[in-house]
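S.K.: Input: one structure, supplied below.
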Amino acid sequence: MAAATMDKIVSLSKRRGFLFQGSELYGGLQGTWDYGPMGVELKNNVKRAWWRANVYERDDMEGLDAAILMNKLVLRYSGHEATFSDPLVDCRKCKKRFRADQVDPNEKCPEGGLHNFTDNLMFKTTVGPIEDEDNIAYLRPETAQGIFVNFKNVLDSTNRKLPFGIAQIGKAYRNEITPKNFIFRVREFEQMEIEFFVMPGTDEEWHNRWIADRVAWYHEYGIKPENLKQYVNQPEELSHYSKATTDLQYRFFPEREEEAKQFDEVEGIANRTDYDLTCHTKGGKTSFKDGTALQNEHAVLKQTYFDQPTNTHLTPYVIEPSGGVDRITLAFLMDAYEDQKLDGGKERTVLHLHPDLAPVKVAVIPLARNKPDIVEMAKRIKRSLQSTGRLRSLFDDSGNIGKCYARQDEIGTPFCLTVDHQSLEDHQVTVRHRDTMLQDRIAVDALERYLEERLRQ
Ligand code: ATP
């Protein structure tokens with residue numbers, strides 16, 4: 001089944017509280033989006049699922065949470081100051097060059113449609129009370145650099161041996177020239193990145209393993225295989241630090257006629273070689289594509305690895321799976337969305353989200369809103385399920401039972417529990433399953449076990 005169009009998700013998001021335009025009350029701020037009550041739960045669940053698979057369920061990974069504001073020297077030696085603050089930008093389609101301060105985002109591209117500009121100007125700010133050149137700091141344009149400049153700290157504090165990785169989730173900022181397509185291209189976003197350090201010579205094998213692992217993760221959480229594609233970057237498309245990059249592309253634009261154009265990047269998995277650790281090391285060197293280089297005169301120590309078996313200091317190679325939380329969240333939303341036609345001519349919209357990702361696991365609905373005994377029992381069940389700490393539960397008396405079911409289907413709640421008159425007598429509730437709409441009658445005492453067997457969180 002094809003993915004839903006982005007338009008459907010935009011409208012569902014506003015209606016059900018997944019996403020709102022940033023600063024909407026004042027006319028908005030382009031390239032920013034605010035996650036609403038459902039959006040924040042979904043996004044947190046996406047991050048938790050990623051962290052669990054990549055940190056907790058492996059034995060070769062450490063976590064990190066580095067600062068967003070970075071010393072400008074980090075971004076100078078990473079190569080970003082030269083390549084990411086370029087006053088010139090290219091159109092990805094017609095390859096023409098433009099001055100960044102003079103581009104017209106509405107200008108037609110000779111290749112069709114509007115220009116698709118490369119961008120990536122860094123956001124600058126000043127640190128401390130005096131606004132001058134010396135006090136400039138950057139908001140990081142990727143989380144990766146926070147990992148590279150902490151390589152030695154993590155190595156020394158954990159005594160890791162190669163191969164091992166460092167994982168990080170956090171905000172990144174790019175002053176994109178044409179933010180567009182909802183949360184696909186924004187100026188403030190979040191990344192989930194891993195820098196996986198390996199022995200030189202084993203990098204290609206690890207690159208392939210990471211591509212396979214990441215694809216499996218998307219499939220496990222419900223992305224349909226036909227909507228996820230691997231794209232191997234051509235040599236001229238590679239970033240200055242990369243020896244090889246495979247992008248995972250999702251079918252974000254199913255409405256486009258040409259199949260290849262329906263897909264765009266959700267995650268990049270790059271072989272960054274020893275580029276970054278060679279840049280960020282005492283006496284190191286940052287090399288640029290045009291053949292020029294920058295000698296590192298500021299780093300206070302050498303970031304190398306001591307390999308005991310060979311008694312040598314070496315610079316590890318790095319494999320980087322780098323995904324955008326917002327794009328990944330959007331892909332999960334699009335893939336889960338279905339406008340269903342039911343028997344009897346009825347219709348419903350349902351999000352078939354993986355239960356781990358669903359913002360709410362259980363909604364407890366009193367069948368009669370004006371019956372205090374029923375309402376009280378429903379609230380008690382909600383509190384008791386919530387107190388497990390694992391089952392995000394919601395008391396929902398926002399409408400009649402049909403309205404409540406429709407609302408819960410639209411936010412992807414796997415289970416609705418209905419408390420009715422009979423429940424007061426027999427201490428049982430009706431459990432309705434989101435995908436099949438089948439119903440079971442379950443004893444209140446058995447609910448926790450029943451739900452936990454069917455959910456994992
Ligand atoms: P694109 O070519 O689409 O601009 P990129 O190649 O510059 O993306 P990377 O630098 O590889 O992106 O960043 C890694 C991931 O971060 C991307 O796969 C994407 O999911 C996410 N990302 C990058 N830029 C943005 C943005 N402006 N808005 C939302 N997510 C982004």
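S.K.: Going by average Cβ density within 10 Å per residue, which order do the peptides 106-114, 158-166 take, highest to lowest?
M.R.: Put in order of decreasing packing, that is 158-166, 106-114.
S.K.: Residues of region 242-277 with the amide nitrogen closer than 17 Å to a label point 7 Å from the Cα of L314, along Cα-to-Cβ, please.
M.R.: Residues passing the 17 Å test: 272-277.
S.K.: Run the simple label-point estimate for D65 and A82 please: 7 Å along Cα→C-beta, distance reported in nm.
M.R.: Modelled inter-label distance: 3.5 nm.
S.K.: What do you get for the angle between helix 325-336 and the principal long axis of the chain? Use alpha-carbon atoms, 0 to 90 degrees, nearest ten.
M.R.: 40 degrees
S.K.: Which semi-axes, in whole Å and largest first, does the equivalent ellipsoid of region 180-255 have when worked out from the alpha carbon gyration tensor as the square roots of 5 times its eigenvalues?
M.R.: The answer is 24, 17, 14 Å, longest axis first.
S.K.: If I model a spin label as a point 7 Å beyond the Cα along the Cα-Cβ vector, how far apart are those points for E347 and N159 in nm?
M.R.: My value for the distance between the label points is 6.4 nm.
S.K.: Grab the Cα-Cα distance for E425 and E226, subtract it from 0.36 nm times how many residues apart they are, and report the gain in nm with one decimal.
M.R.: My answer for the length gained is 66.7 nm.
S.K.: Only helical DSSP H runs with n ≥ 4 go in: add -39500 (n - 2.57) per run for the chain, normalise by residue count and round the 222 nm mean residue ellipticity to 500 deg cm²/dmol.
M.R.: The helix contribution divided over the chain gives -8000 deg cm²/dmol.
S.K.: Treating only the Cα positions of region 49-164 as identical point scatterers, give the base-10 log of I(q)/I(0) from the Debye formula at each q in 0.19 Å⁻¹.
M.R.: Log-scaled intensity ratios, in q order: -1.01.
S.K.: Further, regarding this structure: How large is the charge dipole for region 360-454, taken about the Cα centre, if only the Cβ atoms of Lys, Arg (+1) and Asp, Glu (-1) carry charge, to the nearest 20 debye?
M.R.: With only Lys, Arg, Asp and Glu charged at Cβ, the dipole is about 320 debye.
S.K.: Rounded to the nearest 0.05, what FRET efficiency do S11 and C109 have when you use their Cβ-Cβ distance and R0 = 45 Å?
M.R.: Efficiency, from the Cβ-Cβ distance: 0.95.
S.K.: State, to one decimal in nm², a quarter of the convex hull surface area for the C-alpha atoms of region 360-454, i.e. the direction-averaged projected area.
M.R.: With the hull built on Cα positions only, its mean projection is 5.3 nm².
S.K.: Under 18 Å from a point placed 7 Å out from the Cα of T292 along the Cα-to-Cβ direction: which residues of region 229-247 have their backbone N that close?
M.R.: 240-241
S.K.: Mind pulling up the Rg/Rh value for region 276-360? Radius of gyration and Kirkwood radius, both on Cα.
M.R.: Answer for region 276-360: 1.38.
S.K.: Still on this structure, I have one more. Just check region 1-77 against the gyration tensor rule for me: Cα atoms, a ≥ b ≥ c as the square roots of the eigenvalues, rounded for a/c under 1.5, and otherwise prolate or oblate depending on whether a/b exceeds b/c.
M.R.: Oblate, because a/c is 1.5 or more while a/b does not exceed b/c.
S.K.: In a shell of Cβ-Cβ distance under 10 Å around H313, excluding H313 itself, what net charge do Lys and Arg (+1) and Asp and Glu (-1) give?
M.R.: 0
S.K.: If I fit a long axis through the Cα atoms of helix 37-51 and take the longest principal axis of the Cα atoms of the chain, what angle between them do I get, 0 to 90°, rounded to 10?
M.R.: Computed tilt is about 60 degrees.
S.K.: While we're looking at this one, here's another question. Going through region 1-70, which trypsin sites (Lys or Arg not before Pro) have at most 10 other Cβ atoms within 10 Å and a DSSP loop state?
M.R.: Counting only loop positions with at most 10 other Cβ atoms within 10 Å, none of the trypsin sites (Lys or Arg not before Pro) in region 1-70 qualifies.
S.K.: Could you give the dipole magnitude of region 292-393 about its Cα centre, charging the beta-carbon of Lys and Arg +1 and that of Asp and Glu -1, in debye to the nearest 20?
M.R.: 880 debye
S.K.: Just to check I understand the Karplus step: with θ = phi - 60° and J = 6.51 cos²θ - 1.76 cosθ + 1.60, what whole-Hz values come out for region 130-140, glycine and proline as x?
M.R.: Calculated HN-Hα couplings, in order: 9, 8, 9, 3, 5, 9, 5, 10, 10, 7, 4 Hz.
S.K.: Let me ask something additional. Check which residues have an amide H placed less than 5 Å from E190's amide H, if you skip close sequence neighbours.
M.R.: Amide H to amide H, under 5 Å and 5 or more residues apart or across chains, E190 pairs with A172, V325, D326.
S.K.: Residues in region 315-339 near a label at D213, defined as backbone nitrogen under 20 Å from the 7 Å Cα→Cβ point?
M.R.: 316-325, 328
S.K.: Also: What translational diffusion coefficient, in µm²/s and rounded to a whole number, does the Stokes-Einstein relation yield for the chain at 25 °C and a viscosity of 0.890 mPa s, taking the hydrodynamic radius as the Kirkwood radius over Cα pairs?
M.R.: Rounded to a whole number, D works out at 100 µm²/s.
S.K.: On to the next question. Any chance you could run the full-extension gain for N135 through C94? It's 0.36 nm times the residue separation minus the Cα-Cα distance, nm to one decimal.
M.R.: Fully extending the segment from N135 to C94 adds 10.9 nm.
S.K.: Ok, one more. Taking the Cα centre of the chain as the origin, how large is its charge dipole in debye, to the nearest 20, when only Lys and Arg (+1) and Asp and Glu (-1) carry charge on their Cβ atoms?
M.R.: Here the size comes out at about 680 debye.
S.K.: Follow-up. Can you give the extra length, in nm with one decimal, that the chain gains between H433 and K124 once fully stretched, where that is 0.36 nm per residue apart less the Cα-Cα distance?
M.R.: Extra length from H433 to K124 when fully extended: 106.3 nm.
S.K.: A follow-up question, please. Counting Lys and Arg as +1 and Asp and Glu as -1, what is the net charge of the other residues whose Cβ lies under 12 Å from the Cβ of L69?
M.R.: +4
Quick note: the coordinates plus some simple rules give every number you see, no bench work behind them. This one's a predicted model, so the numbers in the text were calculated from it and none came from an experiment. Neighbour counts run over all protein chains shown; Cβ positions are idealised from the backbone, glycine included.
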